[in-house]
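The values are calculated or read from the model by the stated rules, or taken from the named source; none is laboratory data. Bear in mind that the values here come from a model prediction, so they are computed numbers and not experimental data. Cβ atoms come from the backbone with ideal geometry, glycine included; neighbour counts cover every protein chain shown. The area values use the complete protein model at the heavy-atom level, side chains included, leaving out ligands, DNA and RNA. Shrake-Rupley method; radii C 1.70, N 1.55, O 1.52, S 1.80 Å.
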Amino acid sequence: MSPIELNKRQNEILDIVKGNGPITGEQIAERLHLTRSTLRPDLAILTMAGFLDARPRVGYFYSGKKTSQAISDNIAQMLVKDFQSIPVVVEESMTVYDAICHMFLEDVGSLFVVDKNSLLSGVLSRKDFLRTSIGNQDLNKIPVHMIMTRMPNITYCMKEDTIIDVAKKLISRQIDSLPVIKERKDGLEVVGRITKTNITRAFLSLADDHDL
Ligand code: ADP
């Protein structure tokens, strides 16, 4: 179902009822300098869509009802910048051993790797470290750039992207996190991190907003 877009007058009615309800149709019309009959279609739409409730002899009041409309609006407005975390970044020359320690100390599931110009060059996950650790190699001698997933194969997002877009990328690529980047002339600057935990937090905030 496509979301209903309220017009200016319907939004004005909502504001009046929110601030003054219960209020009769007559009183709303008076405040808007309109006739009751002019308002009738708008009041019908607002009532049917679940924004307003009407009681005989009492008037209209704001239902605050959890309409699917309100929830879908809310989801569409959730942006990366409102839910992202601080990125944990390491340099390409760091050894795998030190990077594993770093991952534990920072308590994260993925590290982003940057080159000498501080631009994104790779991603390291727990599985990358496990894969390297089960081989007979000296972890103190291998730099992370040897084992990382590297550009241009990195999936990323930007601050203004929606949480829905991020969730789609995480699921379709079967990964746990995305770097949030800012485009620069010479590459991508890492400005944040968004993970499945952030998405879960966004989901919970939606439940809180709608008293679910
Ligand atoms: P885990 O290893 O904990 O299961 P992921 O599922 O995120 O974590 O990582 C699986 C593989 O995908 C790893 O090889 C990792 O380097 C790679 N990877 C992780 N995040 C990204 C990303 N944003 N873009 C591209 N590759 C990624």
Would you be able to say whether some residue in the stretch 1-19 is among the small types (Gly, Ala, Ser) and in contact with a Ser or Thr (Cβ under 7 Å, 6 or more places away or on another chain)?
-> no
In the set 70, 99, 44, the lone residue that is out of contact with any helix residue (DSSP H, G or I) (no Cβ under 8 Å at 6 or more places or on another chain) and touching a residue at least 40 places away in the same chain (Cβ under 8 Å) is 70
What strands (runs of 3 or more DSSP E), lying completely within the stretch 36-99, carry at least 2 residues that are of a type in the set (A, V, I, L, M)?
-> 52-55, 89-91
Given (1) out of contact with any Cys (no Cβ under 8 Å at 6 or more places or on another chain); (2) within 15 Å of residue 84 (Cβ to Cβ); (3) in a helix (DSSP H, G or I), index of the condition residue 127 fails | (2)
Residues being at pLDDT 95 or above, among the small types (Gly, Ala, Ser) and either within 13 Å of residue 94 (Cβ to Cβ) or loosely packed, with under 11 Cβ neighbours inside 10 Å (or both) - total across the stretch 118-135 = 2
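Residue by residue, here is whether (1) within 13 Å of the ligand (Cβ to nearest atom); (2) under 13 Å from residue 195 (Cβ atoms); (3) surrounded by fewer than 17 Cβ atoms within 10 Å (Cβ to Cβ) holds:
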position	(1), (2), (3)
146	yes, no, yes
151	yes, no, yes
169	yes, yes, yes
174	yes, no, yes
180	yes, yes, no
Kindly indicate whether residue 128 is within 14 Å of the ligand (Cβ to nearest atom) and over 22 Å from the mean Cα position of the chain (by Cα).
-> yes
Residue in the stretch 47-67 that is touching a residue at least 60 places away in the same chain (Cβ under 8 Å), within 25 Å of the chain's Cα centre (by Cα) and surrounded by 13 or more Cβ atoms within 10 Å (Cβ to Cβ) present = yes
What about residue 16, is it out of contact with any His (no Cβ under 7 Å at 6 or more places or on another chain) and open to solvent by less than 90 Å² (accessible area, probe 1.4 Å)?
-> yes
